[in-house]
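S.K.: Sharing a structure here in C-alpha cells format.
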Amino acid sequence: MIVLGLSGAVNHDASAALYIDGKLVAAAEEERFLRDKHAKGKMPYEAVKFCLQRAGIKPSQVDVVAFPYAEISLKSPARWHYAKRHWYAPDRAITALFSGNRRYWRNHKNVMKMLDDLEIGSSRVKFIPVEHHLAHASSAYHLSGFKDKCAIIGIDGKGEYATTFFGYGENGKIHKIKEFYDPDSLGGLYGALTEFLGFEMLDGEFKVMGMAPYGDPKRFDFSRLIECTGDDFKVNTKLVNCLGLRRYKKDGKSYYFSPKLIEWLGNMR
C-alpha cells in the first residue's frame, strides 16, 4: 500500500511524506523548493512531486492520502467551548456552532484540487482526514520505538479547536484522555508574547525560547496570563489569545494580544 501524507492544514509549513508498505521512503517541506520560509498559505505541490519522483512511482499508484485536519462534530465539547469563551466576539461564537467545520471544507477543497492537478485523482484515491493533534501524537509515538504503554502530550497553537492533547500509546494505538480547546492555548499565548517582543508569530518562538534563560523572572509576574484551577486552566483573553475588537492594531495589522497587554508591559518591542 502506498500512503501519501500531507501537511499545511493550518496555513504554514506545508510538507509531504510517502510511505510504501509501512516504510518511509521520502519526505520534504515545500519551503525547500519555493525558497519561501514556512511556505505560508501554500499547498505542498513541489514536495509531493519530489516524494513521487524519489520513490520512483506514478501519481496514479498512490492508494491513500492522509491529511492532518478533520471535521469536529457539534456533539464535541470543542465547538461549544470555543463559542462560550468567545462570547465577546459573537460572530465567531455563532460561526463555531453553525459553521464550525468551514476550515476543514476549505482545506478539503484545496487538497482535492491539488490531487487532481498532480494527476493523483481525488475521486480515485482514498482520503483520510486525521485530527490535527492526533497526527502530532502519532508523529511522536509511532516513531519513538516504545513498545510498552507510554504517555503522550501534545501542545501547540491549535489544530481544529484542540490546543493541548493528553493521551497514551499502547500496542501501536493512541488513546485520547483529555484535550484543551481554543482560546485556552499555551502555544497561542507563547505566540502572542513572541509578537509582542517584535518577532513574527509562527516563526520567532524558537528565538524567544533561546533568549528566555537569560531573562530575569523577578521583573514580571506572568501569573495573570493564565488561571489554573485543579485539572483545568484558562488563558486570560483580556490580554492575549483574543479576537476582533479586543486585539491590538497598529499600521493596519492586527495582533494576537490586546492593548491591555501594552498597558501592563509597555510598548510593543
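Coordinate-derived values only; no laboratory data. What you are looking at is a predicted structure, and each value in this text was computed from that prediction instead of being measured. All Cβ positions, even for glycine, are placed from backbone atoms using ideal geometry, and neighbour counts span all protein chains on display.
S.K.: Net charge near PHE233, counting Lys/Arg +1 and Asp/Glu -1 over other residues with Cβ under 15 Å of its Cβ?
M.R.: -1
S.K.: Continuing with the same structure: Per DSSP H run of n ≥ 4, the term is -39500 (n - 2.57); total these for the chain, divide by its residue number, and report the mean residue ellipticity at 222 nm rounded to 500 deg cm²/dmol.
M.R.: -9000 deg cm²/dmol
S.K.: Where Rh denotes the Kirkwood radius from the mean inverse Cα pair distance, what is Rg over Rh for the range 1-126?
M.R.: A ratio of 1.07.
S.K.: Let me know the shape class of the chain, please: from the alpha-carbon gyration tensor, a ≥ b ≥ c as square roots of the eigenvalues, rounded when a/c is under 1.5, otherwise prolate if a/b is greater than b/c, or oblate.
M.R.: prolate
S.K.: Which lysines have a Cα lying under 18 Å from the Cα of LYS234, excluding residues fewer than 8 positions away in the same chain?
M.R.: Within the straight-line limit of under 18 Å, LYS234 reaches these lysines: LYS84, LYS158, LYS178, LYS260.
S.K.: Sequence-distant or interchain residues sharing an amide H contact under 5 Å with SER122, placed H: which?
M.R.: ASP116
S.K.: Shifting gears a bit: From the cross-link list LYS42/LYS218; LYS42/LYS126; LYS75/LYS238, which pairs have alpha carbons spaced over 31 Å apart?
M.R.: LYS42/LYS218
S.K.: Run the quick spin-label model on TYR214 and TRP264: label points 7 Å from Cα toward the beta carbon, then report their separation in nm to one decimal.
M.R.: 2.6
S.K.: In addition: Based on the Cβ-Cβ distance of LYS173 and ASP116, what FRET efficiency does E = 1/(1 + (r/R0)^6) give at R0 = 51 Å, to the nearest 0.05?
M.R.: 0.95
S.K.: Here is a further query. All other residues with a Cβ under 13 Å from the Cβ of LYS37 taken together, and with Lys, Arg as +1 and Asp, Glu as -1, what is their net charge?
M.R.: Surrounding charge for LYS37 is -3.
S.K.: Then there's this: Taking θ as phi - 60°, what are the ³J(HN,Hα) couplings along the range 51-63 by the Karplus curve (6.51, -1.76, 1.60), each to the nearest whole Hz, with x for Gly and Pro?
M.R.: 4, 5, 5, 5, 7, x, 10, 8, x, 5, 8, 5, 9
S.K.: Tally Lys and Arg at +1 and Asp and Glu at -1 over the other residues with C-beta under 14 Å from the C-beta of TYR104: what net charge comes out?
M.R.: Local net charge: +3.
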